[in-house]
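Below: one structure, written as structure tokens.
The values are calculated or read from the model by the stated rules, or taken from the named source; none is laboratory data. Values in this document were obtained by computation on a predicted structure and should not be read as measured data. Reconstructed Cβ throughout: ideal geometry from the backbone, glycine too, with neighbour counts over all protein chains shown.
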Amino acid sequence: MSGREHGHDATMPHSAQVPSPQPRSIDELEVVPGFERENLQGWIPQLATEADIRAVIEKAFDYRGDVTVTRKDGSQITGYLFDRRIAKTLADSVIRLMLATGNERPSIPYSEIAGIAFTGRDTAAGKSYEAWVKKYWEGREKGEKNISIEPEALE
């Protein structure tokens, strides 16, 4: 979260900032509302406007799987979108992909993108803390031995 979400604004003098309301009890500190992560795997959005392109690229940047980018010339490239450089124009804005094969890190200007498909498996889907705790307690109830609080190995 940014400071602004906590009631702080860097543009305002510190004395003028409104402090966040304090919780009434310790129990309120323990319960934090979560958020639902979108299931984007398999999604092929329409990119009709500049705003669509920018919004989908932001979702692709946050996605934890590979995407397939279709260029306006019809060529396709698949990889993990690990970087994007945002500028005022689509021609000056670029994305960078890590390809599964090789060490290439191609850059593609936003203006060359005709489509983005969320083709790779979301590697973090279903791996929330709540899912882990549920799995842990189910194992304990079944009498499983050698279960621990160590995280699973990443793929």
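State all residues of segment 81-117 that are over 20 Å from residue 46 (Cα atoms) and part of a strand (DSSP E or B); if no residue qualifies, say none. 82, 83, 85, 96, 97, 98, 99, 107 - these are the residues of segment 81-117 that are over 20 Å from residue 46 (Cα atoms) and part of a strand (DSSP E or B). Evaluated against (1) modelled with pLDDT of 90 or more; (2) exposed (fewer than 11 other Cβ atoms within 10 Å of the Cβ), residue 143 falls short on exactly one condition, (1).
With respect to being at pLDDT below 95, of a type in the set (Gly, Ala, Ser) and more than 30 Å from residue 147 (Cα to Cα), residue 126 falls outside the description. Within segment 45-80, the set of residues being in contact (Cβ under 8 Å) with a residue 40 or more places away in the chain, more than 19 Å from the chain's Cα centre (by Cα) and not in a loop (DSSP other than H, G, I, E, B) comprises 50, 70, 71. Mind counting the residues in segment 20-59 that are closer than 30 Å to residue 89 by Cα and at pLDDT below 80? Adding up the residues that qualify gives 8. Each residue in segment 61-71 was checked for being at pLDDT below 90 and closer than 11 Å to residue 119 by Cβ, and 2 pass.
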